[in-house]
Amino acid sequence: MVKLLAGDGQKVFEMNTLQHIDRNRAASLRAAAAVLFSAMVALLCGFDSPAWAEDTNSHVERTVKSAANKDTRIGLYLNVLPDCSSGPLPTIRLVNPPVSGKVTVKSAKVKATNYKACLALEVPAYVAFYKSQPDFVGDDVLTIEVKYAGGRTEIQKITINVSGPGAQQKI
């Protein structure tokens, strides 16, 4: 049995070796193996990034709507381990502050049900909030860096659409 695994242990390719195969099938298997070998050479030579090369930096861009001078949640940061317990919380840094508002981070407990393999859990977390200046209406942009314990870093560029008191939907 031949197995090709990615760096994270995920199965990419599996093929059973056969003891008795006819010549036509053997020729087609040799051709398939040659194609697979060529693809692996191309990956290893840098034509494409290998599946096991994990990028430790990721960039996220998102937009959040907010009312002027109101606390608005812009991020929730936690770490849930496979056994449903809490891992070390990430480190959060404000890289580029907003021009017309303020960002605060508070500690909290998060309760969740049916999260991944966890039926119910309660773990500590950080919650990031944005609050604009009282008279500001428009877009405000900020950048947050989130560093996780495993070495992964996430750069989050968040655009906040701040609307005035008359811009909300009437009920």
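Look at segment 75-98 and say how many of its residues are farther than 30 Å from Asn114 by Cβ and either at pLDDT below 95 or in a strand (DSSP E or B) (or both). Talk me through it step by step, then tell me what you get.
Quick first cut of segment 75-98, residues farther than 30 Å from Asn114 by Cβ only: 93-98.
Next cut, either at pLDDT below 95 or in a strand (DSSP E or B) (or both) only: 93-96.
Total satisfying the criteria: 4.
Only one of (1) part of a strand (DSSP E or B); (2) touching a Ser or Thr at 6+ places or on another chain (Cβ under 9 Å) is not met by Lys70, so which one is it?
With (1) part of a strand (DSSP E or B); (2) touching a Ser or Thr at 6+ places or on another chain (Cβ under 9 Å) applied to Lys70, the lone miss is (1).
If you check Ile160 against the conditions, is it part of a strand (DSSP E or B), more than 17 Å from the chain's Cα centre (by Cα) and under 25 Å from Ser58 (Cα atoms)?
On the way: part of a strand (DSSP E or B): yes; more than 17 Å from the chain's Cα centre (by Cα): yes; under 25 Å from Ser58 (Cα atoms): yes.
Yes.
What residue, among those in segment 129-156 that are in contact with a Phe, Trp or Tyr (Cβ under 8 Å, 6 or more places away or on another chain) and among the charged types (D, E, K, R), is least open to solvent (accessible area, probe 1.4 Å)?
Residues of segment 129-156 that are in contact with a Phe, Trp or Tyr (Cβ under 8 Å, 6 or more places away or on another chain), as a first pass: 140, 142, 146, 154.
Restricting the remaining residues to those that are among the charged types (D, E, K, R) gives 140, 154.
Details: Asp140: 5, Glu154: 29 Å².
Only one residue tops the list, namely Asp140.
Select, from Ala128, Ala149, the only residue that is closer than 15 Å to Lys65 by Cα and in contact (Cβ under 8 Å) with a residue 40 or more places away in the chain.
So the residue among Ala128, Ala149 that is closer than 15 Å to Lys65 by Cα and in contact (Cβ under 8 Å) with a residue 40 or more places away in the chain is Ala128.
I need the full set of residues from segment 65-105 which are under 15 Å from Asp139 (Cβ atoms) and either of a type in the set (S, T, N, Q) or open to solvent by 50 Å² or more (accessible area, probe 1.4 Å) (or both), in order please.
Lys65, Ser66, Thr72, Asn96, Pro97, Val99, Ser100 - these are the residues of segment 65-105 that are under 15 Å from Asp139 (Cβ atoms) and either of a type in the set (S, T, N, Q) or open to solvent by 50 Å² or more (accessible area, probe 1.4 Å) (or both).
Which condition number in (1) touching a Phe, Trp or Tyr at 6+ places or on another chain (Cβ under 7 Å); (2) open to solvent by less than 50 Å² (accessible area, probe 1.4 Å) is the one that Tyr126 fails?
(2)
The values are calculated or read from the model by the stated rules, or taken from the named source; none is laboratory data. Here the structure is a predicted model, which is why all the values come from computation and not from measurement. A quick note on method: Cβ atoms are made from the backbone with ideal geometry, for glycine too, and the neighbour counts reach across all protein chains shown. The area values use the complete protein model at the heavy-atom level, side chains included, leaving out ligands, DNA and RNA. Shrake-Rupley method; radii C 1.70, N 1.55, O 1.52, S 1.80 Å.
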